[in-house]
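Below is one structure, written out as structure tokens, with a few remarks after it.
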Amino acid sequence: MLELREVEQHHNGYHHQDSFQEKFERLMRHVSNVVVITDDNLKLALLGLFAQGHLLLEDLPGVGKTLLAKTISSSLDGVFSRIQFTPDLLPSDITGTSIFDLHNQTFEYVPGPIFANVVVADELNRAGPRTQSALLEAMAEGQVSADGKVRLLPRPFFTIATQNLVETHGTFPLPNSQLDRFLVSMALGLPTPDQEMEILSRWEQCPPQAPPVLTPQDVASMQDSVRTVAVAQSVKQYIVNLTAASRQQTQFTLGVSPRGSAAMLRGCQAWAAFDGRDFVVPEDVQYLAPHVWGHRVGVRGETEMSSGRQAINELLRSVPVPL
């Protein structure tokens, strides 16, 4: 029976004894077979998963945000749910609700779609603030409070939210408290002509599929190994110097929060692990800062998320890098 199980696991693409690097590269190849995306953008998208955070995709409609989110989720052999956010969506539609059982004469709690390993929150900013806030506790604490009880979410728990540009009709801007819960934000951008030709080639016959290649247990163990990546005192001080400067410089109306500092630390540990290193270097901070901090800061006179990334790039130029 054990031999049969091992054969089945190998056939399904599960290799539990593989290293972090082997599992990660297999997942990268797998997603790339479906989604036409650069390696750096795919690594950024996976950063939220392995650093135990969440991902925010902001871009024009039709550039593959939902396809990327669905492909990542289907590559993991866990529970997947997709929530389409609309103006009439209620908080209980996300977290679940109690229904009266006539037979037992009791209320039974029915979990909502938030109880999954990967949750795709599609067009998050189309829903009202009250419904958006239903995600806050789940994203921050990995739990849901309902009917006077706290219910833990499964591990791993990863939210991939997409949002339309703020200029799009019928959107509600995400509040800072919500944005601060996302570890990384990114925009896919429009494909190059060659990439668009590749997209058409893949979709000519039938939409590409992505069967699972990792189990939730694989992901959880990889998340644990990320935590063991070493961060030197000088790198921690560099992060603190950058966040302090963001709170003092005049172009920022809102600087990076302490939660943002912790998110950067976790993100750098995962980024180093992606690169096969067991230590963080200052270049990790420099590369990730616009994506980890760009959506968290307020910039004077600007409202677009991209302007936050630009302000963080300017901040990096103003703070000395540790030797």
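The values are calculated or read from the model by the stated rules, or taken from the named source; none is laboratory data. Predicted model, so just to flag it, every value in this text is computed and none were measured. Here the Cβ positions follow ideal geometry from the backbone for every residue, glycine too, while neighbour counts run over all protein chains shown.
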Lone unmet requirement of (1) within 18 Å of SER177 (Cβ to Cβ); (2) in contact with a Ser or Thr (Cβ under 7 Å, 6 or more places away or on another chain); (3) not basic (Lys, Arg) for ALA245: (1)
Does segment 234-251 contain at least one residue that is under 23 Å from the mean Cα position of the chain (by Cα) and small (Gly, Ala, Ser)? no
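Yes/no matrix, rows are residues, columns are (1) touching a His at 6+ places or on another chain (Cβ under 6 Å); (2) of a type in the set (Gly, Ala, Ser):
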position: VAL34; (1), (2): no, no
position: THR38; (1), (2): no, no
position: PRO61; (1), (2): no, no
position: ALA69; (1), (2): no, yes
position: SER75; (1), (2): yes, yes
Of all residues being crowded, with 16+ Cβ neighbours inside 10 Å and of a type in the set (S, T, N, Q) in segment 58-93, which is modelled with the lowest pLDDT? Just the residue, please. THR66
Any residue in segment 58-67 that is out of contact with any Phe, Trp or Tyr (no Cβ under 9 Å at 6 or more places or on another chain), outside any strand (DSSP E or B), without any contact (Cβ under 8 Å) to a residue 12 or more places away in the chain and within 22 Å of ASN164 (Cβ to Cβ)? yes
From GLU204, GLU196, residue being among the acidic types (Asp, Glu) and either assigned by TED's automatic domain parsing to the domain that holds HIS291 or at pLDDT below 85 (or both): GLU204
Output the residues belonging to segment 134-153 that are surrounded by fewer than 13 Cβ atoms within 10 Å (Cβ to Cβ), part of a strand (DSSP E or B) and among the charged types (D, E, K, R). LYS149
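Under 21 Å from PRO113 (Cβ atoms), surrounded by 14 or more Cβ atoms within 10 Å (Cβ to Cβ) and in contact (Cβ under 8 Å) with a residue 60 or more places away in the chain, is that true of PRO156?
On the way: under 21 Å from PRO113 (Cβ atoms): yes; surrounded by 14 or more Cβ atoms within 10 Å (Cβ to Cβ): yes; in contact (Cβ under 8 Å) with a residue 60 or more places away in the chain: yes.
Judged against the criteria, PRO156 is a match.
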Only listed residue being surrounded by 16 or more Cβ atoms within 10 Å (Cβ to Cβ) and in a helix (DSSP H, G or I), chosen from GLN195, GLN217, GLN223: GLN223
Just to be sure before I move on: is GLU304 exposed (fewer than 15 other Cβ atoms within 10 Å of the Cβ), more than 26 Å from VAL229 (Cβ to Cβ) and either modelled with pLDDT under 90 or within 19 Å of the chain's Cα centre (by Cα) (or both) in the structure I sent? yes
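If you take the residues of segment 287-300 that are over 17 Å from ALA51 (Cα atoms) and not aliphatic (A, V, I, L, M), which of them is surrounded by the fewest Cβ atoms within 10 Å (Cβ to Cβ)? Break it down stepwise before answering.
First pass over segment 287-300, keeping only residues over 17 Å from ALA51 (Cα atoms): 294-300.
Filter once more, so that each one left must be not aliphatic (A, V, I, L, M): 294-296, 298, 300.
Working: GLY294: 22, HIS295: 25, ARG296: 25, GLY298: 16, ARG300: 12.
Applying the filter and picking the extreme gives ARG300.
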